[in-house]
Amino acid sequence: MRWWDIDRVLALEEDLFPEDAWSPGMFWSELAHARGGGATRHYTVAEDGGAIVGYAGLAVFDRTGDVQTIATARDHWGTGLGARLLTDLLAAATAFECREVLLEVRVGNTRAQRLYERFGFEPIGIRKGYYQPGNVDALVMRLTGPAATLATPSPVQGTKTHG
């Protein structure tokens, strides 16, 4: 993801997460840490016919990766795009030499939870009221040793990803 992707990412973000969408400043702040020798972030987008249909981001602190965001357009649900984006994040976590990767997912989002479980993530706790302003709980999941558990889902036709 680059700065010129932010407006198109925001449109998808607001469609998918209308109550708690990230602001432009949040994306700008994350991208400020995604380049150069001291980078601690990795962000990518997926495009289909010039439209952004997915995006994902990873932050790294002390060899622990944290999935900051991962989203796919509704018309790409079930196509394998989410798996492809997650694979990209886990490859980045491996490059950052992460020992583990953490994430939060809405407790009611079983579709996403199944995806994470396929990649070896395990539930480790609940964060009460994590998603605001809706006061929705988050399930915290962890993957130990991302390099050893990288999956290779089949490519998604018609989409390309780039950081």
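The values are calculated or read from the model by the stated rules, or taken from the named source; none is laboratory data. On a predicted model such as this, the values are computed, not experimentally measured, just so you know. Reconstructed Cβ throughout: ideal geometry from the backbone, glycine too, with neighbour counts over all protein chains shown. Side chains included, ligands, DNA and RNA excluded: accessible areas come from the protein's heavy atoms. Shrake-Rupley method; radii C 1.70, N 1.55, O 1.52, S 1.80 Å.
Against the conditions (1) assigned to a strand (DSSP E or B); (2) out of contact with any Asp or Glu (no Cβ under 6 Å at 6 or more places or on another chain); (3) closer than 23 Å to Trp4 by Cα; (4) among the small types (Gly, Ala, Ser), Ala39 satisfies every one except (1). The residues of region 40-66 that are open to solvent by less than 30 Å² (accessible area, probe 1.4 Å) and touching a residue at least 40 places away in the same chain (Cβ under 8 Å), listed by number, are Tyr43, Thr44, Val45, Ala46, Glu47, Ile52, Val53, Gly54, Tyr55, Gly57, Leu58, Gly65. Count of region 59-89 residues, restricted to those that are of a type in the set (Phe, Trp, Tyr) and in contact with a helix residue (DSSP H, G or I) (Cβ under 8 Å, 6 or more places away or on another chain), is 1. Quick one: is Ala56 modelled with pLDDT under 95 and of a type in the set (A, V, I, L, M, F, W, C)? Here the answer is no, as Ala56 does not meet what is asked.
Please indicate, with yes or no, whether at least one residue in region 74-92 is among the polar types (S, T, N, Q) and either within 14 Å of Leu16 (Cβ to Cβ) or part of a strand (DSSP E or B) (or both). Within region 74-92 (the criterion being among the polar types (S, T, N, Q) and either within 14 Å of Leu16 (Cβ to Cβ) or part of a strand (DSSP E or B) (or both)), the answer is no, since none of the residues qualifies. Of the candidates Thr79, Thr69, Thr87, the single residue that is among the hydroxyl-bearing types (Ser, Thr, Tyr), over 21 Å from Met141 (Cβ atoms) and in contact (Cβ under 8 Å) with a residue 40 or more places away in the chain is Thr79. Among the residues of region 24-39, those identified as more than 16 Å from Ile70 (Cβ to Cβ) and either in contact with a His (Cβ under 9 Å, 6 or more places away or on another chain) or open to solvent by 50 Å² or more (accessible area, probe 1.4 Å) (or both) are Pro24, Trp28, Ser29, Ala32, His33, Arg35, Gly36, Gly37, Gly38, Ala39. So, in region 104-150, of the ones that are in contact (Cβ under 8 Å) with a residue 40 or more places away in the chain and assigned to a strand (DSSP E or B), which residue ends up surrounded by the fewest Cβ atoms within 10 Å (Cβ to Cβ)? Across region 104-150, the extreme among qualifying residues is Thr144. Right, Thr69: at negative phi, open to solvent by 10 Å² or more (accessible area, probe 1.4 Å) and β-branched (Val, Ile, Thr) or not? The answer is yes for Thr69.
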